Amino acid sequence: MPGIQLIQPNTKFAFMPRRVVFFIFSAFLIATSLVLSMTRGLNFGIDFKGGIMIEVQTPEPADLSDMRATLGSLGLGDVNLQDFGSPNDILIRIQQQDGGDKAQQVAVTAVKEALGKGVKYRRTEFVGPKVSEELFLDGIYAVLAAMSAMLIYIWLRFEWQFGVCAVVALLHDVISTIGIFSLLALEFNLSTVAAVLTIAGYSINDTVVVFDRVRENLRRYKTMPLSELFNQSINETLSRTIMTSSTTLIALIALYTLGGPIIRDFSFAMMWGILIGTYSSICLAVPLLLYMAIERRAGISSSEKETAAERAS
């Protein structure tokens, strides 16, 4: 019985002839994301702006509207509630209070008095401004370190031109993810940073698969025009790329719809990242190679280069 094929073999989609359209769309996406980040900013979570996080368990399924009204009347500023795991488990987030640690303790006491008896307090965390700033900087360093390591890996495995194109595609994915979070005012926290790192890893994996086929075809077709060769390489790996992305998206959609609010933003970031990462690997990373002065020798292995050098001498 034949298997299901979303993409038929021997496809001949014209990706390279449409590369200018892809470049314009990507430039618009990056520019829009940067403008949104600078004007609207990001909705930083407690991890990055400081505050109080209280995890409680109620004896009966909680009425979030009633709890929100009760805690909102305390005058503590921004108070967010969400259930996770079960209707009895509630995560309470309160903005940082002015007045140092003493003010945070007063706020926690006020919350406990307002909720009354019978509520179990499973976790109470305070994130100060200094810690939140350090977490934010650590998140930036983590993303930069990951992208630098990927650049080095691609450079060593292929050629420097491949590494530059891969990093451009990665920057495209990261910046557009930040832009969509700014546009939709989704909470940006450490989980989002983890999602960005995962997106970068997924995207570079897709890119390496296509680059591998490009290198193979550079060896196989010595006289084929590079534009035609790159287009053929994309088409030859298209079925694998689409199938991998589709199966991953199925799992992420299940997490987004059934996983609860606590991981919804993370799941959304991953879904967006899979889509934009697949797009950038096909429509950005490989077409950029056409402008990087790729030589036919880029597809020759180290042993073949040594043999050719010996013959030349």
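Only a single criterion out of (1) in a helix (DSSP H, G or I); (2) buried (at least 16 other Cβ atoms within 10 Å of the Cβ); (3) among the small types (Gly, Ala, Ser) is not satisfied by Ala62, namely (1).
Scan region 264-277 and give yes if some residue there is more than 26 Å from Phe28 (Cβ to Cβ), among the basic types (Lys, Arg) and within 20 Å of the chain's Cα centre (by Cα), otherwise no. Yes, region 264-277 contains at least one residue that is more than 26 Å from Phe28 (Cβ to Cβ), among the basic types (Lys, Arg) and within 20 Å of the chain's Cα centre (by Cα).
Name the residue, out of Ser176, Ser148, that is assigned by TED's automatic domain parsing to the domain that holds Met271 and either β-branched (Val, Ile, Thr) or surrounded by fewer than 19 Cβ atoms within 10 Å (Cβ to Cβ) (or both).
Details: Ser176 fails: either β-branched (Val, Ile, Thr) or surrounded by fewer than 19 Cβ atoms within 10 Å (Cβ to Cβ) (or both).
Selected residue: Ser148, the only one of Ser176, Ser148 that is assigned by TED's automatic domain parsing to the domain that holds Met271 and either β-branched (Val, Ile, Thr) or surrounded by fewer than 19 Cβ atoms within 10 Å (Cβ to Cβ) (or both).
In the set Ala200, Ala185, Ala194, only one residue is touching a residue at least 40 places away in the same chain (Cβ under 8 Å) and crowded, with 21+ Cβ neighbours inside 10 Å; that residue is Ala200. Entry remark, region 218-263: residues being within 20 Å of Thr192 (Cα to Cα) and without any contact (Cβ under 8 Å) to a residue 24 or more places away in the chain number 10 in total. In region 151-177, the residues that are in a loop (DSSP other than H, G, I, E, B) reach residues that are at pLDDT 85 or above with C-beta atoms within less than 6 angstrom, at least six apart or across chains, in these pairs: Phe158/Phe211.
Name the residue that is farthest from Ala142 (Cα to Cα), counting only residues in region 201-218 that are of a type outside the set (S, T, N, Q) and under 17 Å from the mean Cα position of the chain (by Cα). Give the steps one after another, and end with the answer.
First pass over region 201-218, keeping only residues of a type outside the set (S, T, N, Q): 201-202, 204, 206, 208-216, 218.
The next check asks that each one be under 17 Å from the mean Cα position of the chain (by Cα); those that pass are 201-202, 204, 206.
On the way: Gly201: 13, Tyr202: 16, Ile204: 16, Asp206: 21 Å.
Looking at the filtered set, the residue picked out is Asp206.
Checking each residue in region 102-116 for being modelled with pLDDT under 80 and over 24 Å from Glu187 (Cβ atoms) picks out Lys102, Gly116.
The values are calculated or read from the model by the stated rules, or taken from the named source; none is laboratory data. For clarity, every value in this text was computed on a predicted model and none was experimentally measured. Cβ sites come from the backbone with ideal geometry, for glycine too, and all protein chains shown count toward neighbours.
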